[in-house]
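One structure below.
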Amino acid sequence: MSNEKFEPVIIGFTCNWCSYRAADMAGTARMKYAPNVRLIRLMCSGRLDPTFVMKAFANGADGVLITGCHPGDCHYVEQNYKALRRFLLLRRVLTQMGIEAGRLKLFWASAAEGAIFAAEINKFVEEVRALGPLTWPTEFQPIASIPIMQEVTA
Amino acid sequence: MTERIGVYVCHCGTNIAGVVDVADVSKWAGKHLAGQGVVVSRDYKFMCSSLGQELIQKDIKELGLTRVVVAACSPHLHEKTFRNACAGAGLNPYLCELVSIREQDSWVHTDKVAATDKAKAIIAGGVARVVHNAELEPLRVPIHPDTLIVGGGIAGIQAALEIADAGFHVYLVEREPSIGGHMAQFDKTFPTLDCSACILTPKMVDVGNHPNITLLTWSEVEKVDGYVGSFTATIRKKARYVNTDSCTGCGICWEKCPWKVVDNVFEAGLGKRKAIYTPFPQAVPKYPVIDFDNCAYFKNGKCKACQIYCPTEPNSIDFNQKDEILEIQVGNIILATGYQLFDATRIPQYGYKRLANVFTSLEFERLCNASGPTEGKIVLRDKKTTPKTVVIVHCVGSRDENYNKYCSSICCMQSLKFAHLVMERTGAEVYNCYIDIRTPSKDYEEFYKRVLEEGGHFIRGKVAEITDVARVPSEEGKLVVQVEDTLIGKQRRIPADMVILSAGLEPHDDAKEVGKLFGIACGASGWYTERHPKLDPVATMTDGIYIAGCVQGPKDIPASVAQGAAASARVMGKIQQKEVALEPVRASINENQCSGCRICNNLCPFNAISFHEDKMVSEVNPALCQGCGTCVAGCPAGAISGTGFSNEQILSQIEGLLLINMPQSVVA
């Protein structure tokens, strides 16, 4: 399968107050964007448990998107900063697991920024498309050659 | 127990059905999600209609549904509708999940196959999630009966009087020394040509005297905490340097004050006021303010004329007065902070501030106001010459790609009013250069006819330039307005003595910051966003915060008054309910799982989590918790759960969303 035909599946996390409303706004304004992203509404980007991202990748997502209110605009004062921290940490963890850091993206969109929301999604879909499918080994091969440590007792 | 789930796919007319194959989606859900508990799947033209709701209710009763998934519009629009429908059939409303296949699918995608597949995925996500939805009861919190109104223009005044007359207490905060807003600056109001002051000042006096209104002028809101029903607002009452307990507003201080200052606010720079002043004679409250930057005493420690001549006992002038910080409790807030005039110097080719006799609309209002700097005489900037030709330029800074794209809505009628006043008072020739004349309200078109019959000239074309460079002798010493008359297809140069720029309305420079303070959003043009553009024009997305007047968008006086009254009705409705139901989205800690690490304590910005020293566990105070869920995600022991957005709900939703893959393009 060639990469330019590849249609990635992306899970997007939005916060209830800014980015989900940006998505709504993109909708009411009939702005068109790529259909590859499936959104989940959280109350706040701070609710994003890193497990959610791992779960999405494990279940076949090719990319994961985290969105929230702009720094300083968080409905819950400062929780989007906590999302930012988790995002930065997650990228490192993903890299260590052999998943390209570029498969996880974070951007901020206010309730008025439907156009930015749509444009960023299009951009991310292209980025993930360029990375290709996230292929997990279909069957994990047990590695026989690793010697099993023997417990040594005196 | 296995759940019995009903899936309902809405066509929304053709809004969804035009792009998504709803029948296919509904059939697919019934077949492929049966293993997850879907027992019935239907599609219907308008799910939100009473017939659509009855369809769901009938199924709940007859098929014994325990969960409902509606695939329609955004939950921000109709979540309540469908929850109420479920509640009506005896199902706990929180067991209903609304997933959006309109705003997030049919409206934003054109590829029908991909959109249909996405709708299936979204529904699969909703079905997987709804299984884990729990029965919840909304939290009920009492509503504080007091209301804060910010902005003392006509919209704020109207709202304050309506609420106060109904017997509830109002705090009216205004940042200028007097209430009245822009309307106090006007001379006449269109289309009836009532004197603005004659209809406004009695209302201002009512506000000043009303036992239920606490008027806080020369004050600004600095901080707002809390939520609908119990907001705490911190208000800075700026130092007036006048003791309002003893001041009688006699006016001797500003008569005696020797320092004249150009009044850029109320007189729009055309007139002067003293360093101690009230903006205008009918100001409410009547107490003056000392202008700190221009008072000689504050500059060099000398003068004190106001204090020396103050006749009250004790003396009302207090140079040592400090800003006061007030903290008030209110249940609801109305924002009516109005607009600012478009800065006409931003269009250099119109020559405002460079060419003396180019005036803005607000300057002209002051010129023709009987209590204004020229006592109502329409004269040039030299304050003596009466103009013989006046050109009124419409749409200055409005309907212009370079400045504001929107129509400022009031300028046409305002310009027609100016045309009438100029012709009536000076007999001058008046030219209106317009893009379109817009007179859509009651009696407005008749007023336009009247000005036409009175002999006003109308040129359809956007003014290109206003200059004082003459090309022919008849233009010498005049302003020349260059405009294309698009109806005859010719360029025209109109020599004029005076040009009035009908400047548009803009949101205040600090509208965004103020919005942030109150937790409400601005739209693309900077006006505050209403909850619904047609059906809920005075509420905002933040419960308990309402908007009225020009903060919501440009509008004239009748519309501002109507919105002020509408917002007050909404507030009074809330107060009468005595309590409000809040979404039960809250975090709670399982004591048995909590290790007492206290990580969550610092994650909470509302200080809702406290630590029990004796039990060595943390605890969430549900009244303070706002439900963001950051602690839920942060707890290393997984001891915290968040209602409405539990880990099980979200993890299952992820699984559901990924149940089907993207349709891959066929490799050629």
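Annotations
For every residue, the table says whether it meets (1) in a loop (DSSP other than H, G, I, E, B); (2) over 30 Å from B:V538 (Cα atoms); (3) touching a Phe, Trp or Tyr at 6+ places or on another chain (Cβ under 8 Å); (4) open to solvent by less than 10 Å² (accessible area, probe 1.4 Å).
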residue	(1), (2), (3), (4)
B:Q321	yes, yes, yes, no
B:Q349	no, yes, no, no
B:F364	no, yes, yes, yes
B:L380	yes, yes, no, no
B:P387	yes, yes, no, yes
B:I392	no, yes, yes, yes
B:L416	no, no, yes, yes
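- Set B:E454, B:E465: member being without any contact (Cβ under 8 Å) to a residue 60 or more places away in the chain and open to solvent by 60 Å² or more (accessible area, probe 1.4 Å): B:E454
- Matching residues, segment B:500-544, being charged (D, E, K, R), assigned to a loop (DSSP other than H, G, I, E, B) and farther than 22 Å from B:V228 by Cβ: B:D509, B:D510, B:K534
- The helices (runs of 4 or more DSSP H) found wholly in segment B:593-668 and carrying at least 1 residues that are within 26 Å of A:A61 (Cα to Cα) and out of contact with any Ser or Thr (no Cβ under 8 Å at 6 or more places or on another chain) occupy B:630-634, B:647-657.
- Among residues of segment B:630-651 that are within 7 Å of another protein chain (Cβ to nearest Cβ) and free of Cβ contacts under 8 Å to residues at least 24 places away in the same chain, those with a beta-carbon under 8 Å from a residue that is open to solvent by 10 Å² or more (accessible area, probe 1.4 Å) and part of a strand (DSSP E or B) at least six positions away or on a different chain give the pairs B:N647/B:S641.
- Condition met for B:G564 (in contact (Cβ under 8 Å) with a residue 12 or more places away in the chain, on the phi > 0 side of the Ramachandran plot, more than 14 Å from chain A (Cβ to nearest Cβ) and crowded, with 20+ Cβ neighbours inside 10 Å): no
- Matching residues in segment B:120-147 - criterion: being under 30 Å from A:A118 (Cα atoms), more than 10 Å from every other protein chain (Cβ to nearest Cβ) and of a type in the set (G, A, S): B:G126, B:A128
- Residue list for segment B:537-581, filter: at pLDDT below 90 and either within 19 Å of B:G151 (Cβ to Cβ) or out of contact with any Pro (no Cβ under 6 Å at 6 or more places or on another chain) (or both): B:T540, B:M541, B:T542, B:D543, B:V580
- Every residue from segment B:317-367 that is on the phi > 0 side of the Ramachandran plot and among the basic types (K, R): B:K353
- Every residue from segment B:200-228 that is of a type in the set (S, T, Y), within 30 Å of B:K188 (Cβ to Cβ) and under 23 Å from the mean Cα position of the chain (by Cα): B:T217
- Within the set B:V330, B:V265, B:V289, B:V358, the sole residue that is more than 27 Å from B:A184 (Cα to Cα), under 33 Å from the mean Cα position of the chain (by Cα) and in contact (Cβ under 8 Å) with a residue 60 or more places away in the chain turns out to be B:V330.
- Of all the criteria given as (1) out of contact with any helix residue (DSSP H, G or I) (no Cβ under 9 Å at 6 or more places or on another chain); (2) at pLDDT 95 or above; (3) over 24 Å from B:T312 (Cβ atoms), the one not satisfied by B:V221 is (1).
- When B:A548, B:A524, B:A569 are checked against the criterion of being open to solvent by 60 Å² or more (accessible area, probe 1.4 Å), touching a helix residue (DSSP H, G or I) at 6+ places or on another chain (Cβ under 9 Å), under 28 Å from A:A112 (Cα atoms) and not hydroxyl-bearing (S, T, Y), B:A524 stands alone in meeting it.
- Residue match in segment B:433-451 (condition: over 34 Å from the mean Cα position of the chain (by Cα) and either basic (K, R) or at pLDDT below 95 (or both)): yes
- B:Q649 being under 25 Å from A:G68 (Cα atoms) and at pLDDT 95 or above: yes
- Flag for B:N592 being out of contact with any Gly (no Cβ under 9 Å at 6 or more places or on another chain), over 30 Å from B:Y528 (Cα atoms) and open to solvent by less than 30 Å² (accessible area, probe 1.4 Å): no
- Filtered residues of segment B:49-76 (kept if surrounded by fewer than 19 Cβ atoms within 10 Å (Cβ to Cβ) and in contact with a strand residue (DSSP E or B) (Cβ under 8 Å, 6 or more places away or on another chain)): B:L51, B:L55, B:L63
- Selection count, segment B:652-668, where residues are modelled with pLDDT under 90, within 13 Å of A:R38 (Cα to Cα) and within 7 Å of chain A (Cβ to nearest Cβ): 2
- Some residue of segment A:67-75 being surrounded by 24 or more Cβ atoms within 10 Å (Cβ to Cβ), more than 13 Å from the chain's Cα centre (by Cα) and at the interface with chain B (Cβ under 8 Å from one of its Cβ atoms): no
- Looking across segment B:260-295, the residues that are assigned to a loop (DSSP other than H, G, I, E, B) and either surrounded by fewer than 19 Cβ atoms within 10 Å (Cβ to Cβ) or acidic (D, E) (or both) come down to B:N264, B:V265, B:E267, B:G269, B:P281, B:Q282, B:K286, B:D291, B:F292, B:D293, B:N294.
- Within segment A:1-60, the set of residues being surrounded by fewer than 23 Cβ atoms within 10 Å (Cβ to Cβ), farther than 14 Å from B:S652 by Cα, facing chain B (nearest Cβ under 8 Å) and charged (D, E, K, R) comprises A:K5, A:E7, A:R30, A:K32.
- Among the residues making up segment B:78-108, a single one is within 14 Å of chain A (Cβ to nearest Cβ), without any contact (Cβ under 8 Å) to a residue 24 or more places away in the chain and open to solvent by 10 Å² or more (accessible area, probe 1.4 Å): B:E79.
- Among the residues of segment A:93-115, at least one is open to solvent by 40 Å² or more (accessible area, probe 1.4 Å), under 19 Å from B:V108 (Cβ atoms) and either more than 8 Å from chain B (Cβ to nearest Cβ) or touching a residue at least 60 places away in the same chain (Cβ under 8 Å) (or both).
For every residue, the table says whether it meets (1) touching a residue at least 12 places away in the same chain (Cβ under 8 Å); (2) touching a helix residue (DSSP H, G or I) at 6+ places or on another chain (Cβ under 8 Å); (3) more than 17 Å from B:S560 (Cα to Cα).
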site	(1), (2), (3)
B:F168	yes, yes, yes
B:V173	yes, no, yes
B:F186	yes, yes, no
B:F190	yes, yes, no
B:D194	no, no, no
B:A197	yes, yes, no
B:V205	yes, no, yes
B:N212	yes, yes, yes
B:T217	yes, no, yes
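- Among the conditions (1) of a type outside the set (D, E, K, R); (2) within 34 Å of the chain's Cα centre (by Cα); (3) closer than 16 Å to A:L42 by Cβ, the only one that B:G634 does not satisfy is (2).
The values are calculated or read from the model by the stated rules, or taken from the named source; none is laboratory data. These numbers were taken from a predicted model, which means no experiment stands behind them. Ideal geometry is used to build each Cβ from the backbone, glycine not excepted, and the neighbour counts take in all protein chains shown. Heavy atoms of the whole protein, side chains included, go into the accessibility calculation; ligands, DNA and RNA do not. Shrake-Rupley method; radii C 1.70, N 1.55, O 1.52, S 1.80 Å.
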